[in-house]
Amino acid sequence: MLLALSDFKDFEYEEYEFIRDERRNEFPELFKTNKSMIYRIMRKYIFDFTETHSSYQPGSVGEFKIIAPFNEDFSQSVKKFCETFKIMYRLNYDLWKITDLKIRRQRLKIDIK
């Protein structure tokens, strides 16, 4: 799903960069430029869960933005927003479904015992 979003020309992923300099210096190869969007999301997620000095909630990996230039035809902008919204909605649903299935399995295990 994230790869489908990155196919849109005006789609941007803006990473929240709240990783301490000490951690960056400890793992410089992980912070070289030109990494893929999925790589940067996973790196941020992992560092948030392993960073003991972070005041930010784990899982806040950044923002997804769809840019519509003022000179773009309005109907094209609406079409682009609808297409990206469908992808983001599907991604959100899939993530929810994974959690929902996990909870259901746990309930089944409890009910069987």
Quiz item: Got a number for residues in region 35-59 being closer than 26 Å to Glu83 by Cα, open to solvent by 50 Å² or more (accessible area, probe 1.4 Å) and either at pLDDT below 75 or in a strand (DSSP E or B) (or both)?
Solution: 1
Practice problem: Just give me the residues in region 70-95 being surrounded by fewer than 11 Cβ atoms within 10 Å (Cβ to Cβ), hydrophobic (A, V, I, L, M, F, W, C) and at pLDDT 85 or above, in sequence order. | Solution: Phe74, Cys82
Quiz item: Of the residues that make up region 83-99, is at least one among the aliphatic types (A, V, I, L, M), touching a residue at least 12 places away in the same chain (Cβ under 8 Å), on the phi < 0 side of the Ramachandran plot and not in a helix (DSSP H, G or I)?
Solution: no
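The values are calculated or read from the model by the stated rules, or taken from the named source; none is laboratory data. Bear in mind that the values here come from a model prediction, so they are computed numbers and not experimental data. When we count neighbours, we look across all protein chains shown, and the Cβ atoms used for this are built from the backbone with ideal geometry, even at glycine. With ligands, DNA and RNA removed, areas are computed over all heavy atoms of the protein, side chains included. Shrake-Rupley method; radii C 1.70, N 1.55, O 1.52, S 1.80 Å.
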